[in-house]
Amino acid sequence: MFRPVLLFSFLSAISGLNVSSFTVKSCGLPTDIGSSLVFDVSPKLPDTDYILFLNADLSKEIISGTSKYDITYNFIPLSPSTNDLCTEISHSNITCPLLAGHLSSESKGTMPTGLSGTYTIKNQWFNLDGARILCMLFTIKT
C-alpha cells in the first residue's frame, strides 16, 4: 500500500502497470503557507514501486491540519475525502509539527494492479485555522 505524503489511500485502487503518464504539479496560490513547491517521482513512469519527492518552503509552523482529496476517474468525480494531515505524513520521513522553513520529503509508494484510465487527484493540505498549506495536482494515465 502507498504511504507517502501524497495520495495515501486512493492509489491503492489504481493500476500501476502500463502507466503512460505520471505528472505532479502545484495548484497552489501565492497566499498558501507553502511556496516554491517542487515535485519529482522516480522512476518517471512507475510500474510498481517508486519514490515521491516533495520540496517546499513553509512560511509558518504547522502543528496539525487536514489533507483533502478531490479525485476524478476518467473525468467522473468521485466522493471527496478528508484525512488527518499528521497521520498521513507520519508514513514518510517527516512528522508533525512541520517547522517553518524548508520542507523536504521522500515517500515510497507502490502502484497496485486494478483499474485503468485517467486519474486526476487534487490534494490540498490545510492547517487548523483553515488556511491552505499547499495544493498538489496529480495526473496518472494507465
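Laboratory data are not the source of any read-out in this text; all were calculated from the coordinates shown. Not measured: the values here are computed from a predicted model. Glycine also receives a Cβ, built like all others from the backbone with ideal geometry; neighbour counts cover every protein chain displayed.
With a 10 Å cut-off between alpha carbons and a GNM built on the chain, which of 126, 53, 75 moves the most? Among 126, 53, 75, the largest GNM mean-square fluctuation belongs to 75. Cross-link partners of residue 68 among aspartates and glutamates, defined as those whose alpha carbon lies under 13 angstrom from its own and excluding same-chain residues fewer than eight positions apart: 84, 88. Other residues lying with their Cβ under 12 Å from the Cβ of residue 82 contribute a combined charge of -2, Lys and Arg counting +1, Asp and Glu -1. Think of region 10-141 as having a plus end and a minus end, set by charges on the Cβ of Lys, Arg, Asp and Glu; of 51, 121, 96, 121 sits farthest toward the positive end of this dipole.
Working note: Karplus 6.51/-1.76/1.60 with θ = phi - 60° gives region 38-45 the couplings 9, 10, 7, 9, 9, x, 4, 10 Hz, where Gly and Pro are set to x.
Taking label points 7 Å from Cα along the Cα-to-Cβ direction, residue 51 and residue 95 give a separation of 2.1 nm.
May I ask for the equivalent-ellipsoid semi-axes of region 10-141, computed as the square root of five times each C-alpha gyration tensor eigenvalue and listed largest first in whole Å?
25, 16, 13
Counted by Cβ distance under 12 Å from residue 96, the other residues give a net charge of -3, where Lys and Arg count +1 and Asp and Glu count -1.
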